[in-house]
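As structure tokens, the structure follows; a few thoughts come after it.
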């Protein structure tokens, strides 16, 4: 295979990119300066070396110093009684943007598809167990919030995570909670499904 | 104006119908049988006479008998302590479909646009005040649920309705609540706005 | 069934209207004046009586006078050598709007679905044969233009119509043509299918 | 700026990529192997060196050998009497895919926006003039096909190119043509604009 086609294949590996758009990317790069291409290339080569995975929450972070913890996990002023489990880094960033949460996080790194035979291979099972156990030993943890998508795969992930956590939490008073359901911004009563209406009624205030 | 064009104009008065679709409707009718057209025509002529507006909730209902009340308002077994305010008939029907609510309703018949100078002309203000006063006299009412769309117009309607109700509710322990906000069915954490995340965290369970 | 539900069913018979929108229409009508409803109802009742089907092209038209022909078919100044076959009335109106055609028309009143066993029941077969024979007798007809959609059903209709016309046109020098294919307004070369590119190249000018 | 953010910026330079998707790309890369990242990085670094711009048509091509011409321009069996002008490489590839054209090409490398003051900077003006002059000297050229998008910018580009070519073509019998317009695959008569109907009628066959 030749260069244009090879590079097209690499761009196709990016999420949501089809063959046509991948090729557009290649042609767009061909119009960029040598300098642009060199810097872009260098960044890709070193990105994994410059980025660490946080030892606590497992998110990616820019490792400016020797700390094995990301900015959030290294912040002693956050609320130690609560940890939120999210599917992926961008979910965590979106929660942070809301400034509504001040506890710690754990990034599962994926979801568990329906009927998946090896769910432990789809999310960071071992790391989750290890981290939760450490938090239990510290004695501060009171609540684990599951913050997954409200769809079949999110709910399957929720069930799997609960089945993993339940044995560990035995004899502890730690509560597992899930994000509240209700009307989202933009919801119209006429088009809202019954499940959401039920939750919206229960969570009325 | 001639028949095809005139009838096209009438169809254009229906919500969401543009000139092209209105004309399609006319041509579609021309292909229907005489019998179809006669029955359709008769139904339109008498619909307002056969349909009553419920004296309590103000929704439209098929008046099979002499009762001035719709099926819901005439049902003594529903929860008398709570009334839900909705914008329109279809909202009420969608709430009913969820089987999550067993109280009574009031249909405002519209919303209050932002900066509206005569909000009382946009919703059934007089009828609402009259009905709430009667409910207060009965002594059962404990909660008024505002079930409006989660958008600027829905919130403006909510504020208007509260400004109307507050003076009436003085010296009563009736609570005004709104439908809970949170993740709707289908919500993904990555794409959820901060306001909804805040509510979803508050309403976690 | 009761009035609201019955009328909803009638609105559902209109093209492209689902149950929810049909019900919206009913509620919208309930908010209209008695006068509006009476006029709307009257128009529907008489529409078929006030509208004739043109004896030549079979389109619907407002019959202001005793003429059995529509405005176009009754116009002696149009080009008698060419007739265009279209699927439906709105297609004819759209062609007229372009002011690019000055011949006569015939409205098939439908299309022939793929694998249809009784194609003659789907389009005005008998009327088409009758009209084309009359035009052949008049001695003016030189071309029949097929103006159907460029999709599988349009092409199937085209094949059916040609199979019907071929025996009639035998021993006549009348030509059957189809609308030219090429780039439509808005087409981009990158996204154009091969079939259209082929035609666009053939029809370059 | 730190690595994740910096690399996000580079991905944003790709056509059609917003900040959120750019960040998704970075996180996706972080999950790829070192090997993948090294190869991807190397390809980007060398792509411009491995890719030549064809001396005739100006498209990008994988330069396997010492030839300054791409596969098409180097093919002596193609039709030398006709050259097609396209906006960009992908347009050329799409035309080739149709197998409907066997002449040569020239890639403008862009379009001329409406009211652009320096149109010569937007497309390969100098290279076009140089190439057309050489083709005229060879004595084979008979037709220049303009294959641009059917929209305002495409038509503006067409006018600019013609204004450039006219002085060169003086005293030659070379014809400038454009791709034919008409119904594209999928077109329905009801929704087709008047300009396209006019062309479809003119190009009927």
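Which order do peptides D:132-143, C:51-62 fall in by mean Cβ count within 10 Å, highest first?
Peptide ranking by packing, descending: C:51-62, D:132-143.
Tally the DSSP beta bridges in the protein assembly as shown and give the antiparallel ones as a percent, rounded to 5.
20
Rounded, prolate or oblate: which fits segment C:3-49, taking a ≥ b ≥ c as square roots of the Cα gyration tensor eigenvalues, rounded meaning a/c under 1.5, else prolate when a/b beats b/c?
oblate
Which angle between 0 and 90 degrees, to the nearest 10, do you get for helix A:3-12 versus the longest principal axis of chain A when only C-alpha atoms count?
With rounding to tens, the tilt is 10 degrees.
Between D and A, which D residue has the Cβ nearest their rotation axis, distance in Å?
It is D:41, 2, counting Cβ atoms only.
Put the label 7 Å from Cα along Cα→Cβ for residue A:15; what are its distances to the other copies, in nanometres, shortest first?
2.5, 3.7, 4.2
How well do other chains shield peptide B:25-38, expressed as the mean number of their Cβ atoms within 10 Å of each residue Cβ?
5
With label points built 7 Å along Cα→Cβ from the Cα atoms of residue B:195 and residue C:151, find their separation and express it in nm.
3.9
For chain A, what is the relative contact order in percent, using Cα pairs closer than 8 Å and at least 6 residues apart in sequence?
13
By per-residue mean of other Cβ atoms within 10 Å, what is the highest-first order of A:70-77, B:105-112, A:17-24?
Descending mean neighbour count gives B:105-112, A:17-24, A:70-77.
Between residue A:117 and residue A:205, with labels modelled 7 Å along Cα→Cβ, what's the label distance in nm to one decimal, could you check?
Spacing of the two 7 Å Cα→Cβ label points: 4.5 nm.
Compute the distance from the alpha-carbon center of segment B:69-141 to that of segment D:1-49, in whole Å.
After rounding, the separation between the Cα centres reads 55 Å.
Run the label-point distances for residue A:66 please: 7 Å along Cα to Cβ, every other copy, nanometres, shortest first.
Sorted ascending, the copy-to-copy spacings read 5.8, 9.4, 11.0 nm.
Which value at 222 nm does chain B reach when only helices count, each DSSP H run of 4 or more adding -39,500 (n - 2.57), with the total divided by all residues and rounded to the nearest 500 deg cm²/dmol?
Mean residue ellipticity at 222 nm (helix-derived): -14000 deg cm²/dmol.
R0 = 22 Å: FRET efficiency of residue C:31 with residue B:185, Cβ-based, nearest 0.05?
Working from the Cβ atoms, E equals 0.10.
If you fit an axis through the alpha-carbon atoms of helix C:89-98 and take the longest principal axis of the Cα set of chain C, what angle between them do you get, 0 to 90°, nearest 10?
Helix C:89-98 and the main axis of chain C meet at about 60 degrees.
Among DSSP beta bridges lying fully in segment B:82-202, give the percent that are antiparallel, nearest 5.
0
For the pair residue A:50/residue D:76, report the inter-label distance in nm, with labels modelled 7 Å from Cα in the Cβ direction.
5.2
What are the label-to-label distances in nm, one decimal and shortest first, from residue D:118 to the same spot in the other copies, with labels 7 Å along Cα to Cβ?
Label-point separations across copies, in nm and ascending: 5.8, 6.0, 7.1.
Could you check what % of the DSSP bridge pairs in chain D are antiparallel, to the nearest 5?
20
What is the ratio of the Cα radius of gyration of segment B:82-202 to 2.2 N^0.38 Å, with N the residue count, to two decimals?
Compactness ratio reported: 1.13.
How would you classify the protein assembly as shown from its alpha-carbon gyration tensor, with a ≥ b ≥ c the square roots of the eigenvalues: rounded for a/c under 1.5, else prolate if a/b is greater than b/c, otherwise oblate?
Oblate shape, in that a/c is at least 1.5 and b/c is the bigger or equal ratio.
Can you give the angle from 0 to 90° between the axis of helix D:152-169 and the longest principal axis of chain D, with both taken from C-alpha atoms, to the nearest 10?
60
Values in this text are rule-based calculations from the coordinates and carry no lab data. Quantities reported herein were computed from a predicted structural model and do not represent experimental measurements. Counting neighbours? That spans all protein chains shown, and the Cβs are built from the backbone with ideal geometry, glycine included.
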